[in-house]
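S.K.: My questions all concern the structure below.
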Amino acid sequence: MEILFLGNEKLREKAEPVRRIGPEYVRIAEDIIKALHDGDGVGLAGPQVGLMERIFAVHVQGDEPRIFINPSIIETSEELVKYEEGCLSIPGMYADVIRPKTVKIQAWNEKGRPFTLEASGILARVILHENDHLEGILFIDRISEAKRNRILAKLGKALKGQAERKKVL
Ligand code: NI
């Protein structure tokens, strides 16, 4: 699996629900986790490898790799926290992003088993970031215009037109 970079329109599309979690998802999960590890990241979503399905992987330090299929956010805390984010699709760029401190999420794993998870700290942060990818939203959509322009300028003017942003702020 190859990681797509900012400017690729697939990163701006909404991913489709997985209709049936068949046995092939064990392999798909392995491939996504491998791409995540190869990229030295903590999370990777389907659209980032051109797979336009509602699936993402999260692997934070001290935890097992986790696969989320057809996730739905049940609850987020009112309390917000600032945390520095990056993204495998926007390499080398980092910015502080404000998001809820905790999240409660329901999803299915690669074996088709449903689960509910309450997360805080970095796990919550990565889950919220990856879940955004399924909506075509990138972390640069959640920072100030000045900061976003700085990042886009660094990445090159060619990207500017292509990296059309989603209105989330
Ligand atoms: Ni990302």
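The values are calculated or read from the model by the stated rules, or taken from the named source; none is laboratory data. It should be emphasised that the depicted structure is a prediction, and the values quoted were computed from it without experimental measurement. Calculation scope for accessible area: heavy atoms of the full protein, side chains included, ligands and nucleic acids excluded. Shrake-Rupley method; radii C 1.70, N 1.55, O 1.52, S 1.80 Å.
S.K.: Using only Cα atoms, find the angle between the long axis of helix 24-38 and the longest principal axis of the chain, and express it within 0 to 90 degrees, rounded to the nearest 10.
M.R.: 40
S.K.: Taking Cα atoms, how many degrees apart are the long axis of helix 145-155 and the longest axis of the chain, rounded to 10 and kept between 0 and 90?
M.R.: In the chain, helix 145-155 runs at an angle near 90 degrees to the longest axis.
S.K.: Helix-only mean residue ellipticity at 222 nm, the chain, DSSP H runs n ≥ 4 weighted -39,500 (n - 2.57), per residue, nearest 500. What is it? Walk me through the numbers on the way to the answer.
M.R.: Working: 4 runs with 45 residues, N = 169.
When only DSSP H runs of four or more count, the value is -8000 deg cm²/dmol.
S.K.: Separate question: On a 26 Å Cα-Cα criterion, which of the cross-link pairs K34/K154; K14/K104; K101/K154; K82/K104; K34/K82; K34/K101 come out too long?
M.R.: On the way: K34/K154 28 Å; K14/K104 22 Å; K101/K154 29 Å; K82/K104 18 Å; K34/K82 29 Å; K34/K101 28 Å.
Going by Cα-Cα distance, K34/K154; K101/K154; K34/K82; K34/K101 fall outside the 26 Å limit.
S.K.: Please list the non-local residues whose amide H lies under 5 Å from the amide H of E85, H modeled 1.01 Å from N, same-chain partners needing a gap of 5 or more.
M.R.: A95, D96, V97
S.K.: In Å², what does the accessible area per residue of the range 9-143 work out to with a 1.4 Å probe? If you can, show how the numbers build up before the last one.
M.R.: Values: 6570 Å² over 135 residues.
Here the residues of the range 9-143 average 49 Å² of exposed surface.
S.K.: Now a separate question. Roll a 1.4 angstrom probe over the protein heavy atoms and tell me the percent of accessible area of the chain that is carbon or sulfur. Present the calculation step by step, with values, prior to reporting the outcome.
M.R.: Numbers: 4330 of 9130 Å².
That share works out to 47 percent.
S.K.: Using the reciprocal of the averaged 1/r over all distinct C-alpha pairs, how large is the Kirkwood radius of the range 84-153 in Å?
M.R.: Numbers: mean 1/r = 0.0747 Å⁻¹.
Here the Kirkwood hydrodynamic radius works out to 13.4 Å.
S.K.: If amide H atoms are built 1.01 Å from N in the plane of the peptide, which residues on other chains or at least 5 residues away come under 5 Å of the amide H of G43?
M.R.: Answer set, sorted by chain and number: H59.
S.K.: Sticking with this one: Starting at the first residue of the range 112-125, write each ³J(HN,Hα) from the Karplus equation 6.51 cos²θ - 1.76 cosθ + 1.60 with θ = phi - 60°, in whole Hz, x for Gly and Pro.
M.R.: Per residue, the Karplus-derived 3J(HN,Hα) values read x, 8, x, 8, 10, 9, 10, 10, 9, x, 5, 4, 4, 4 Hz.
S.K.: Using the Kirkwood radius built from alpha carbon pairs, what does the Stokes-Einstein equation give as D for the chain at 10 °C and 1.306 mPa s, in µm² per second?
M.R.: On the way: Rh = 16.1 Å.
Stokes-Einstein gives a translational diffusion coefficient of 99 µm²/s.
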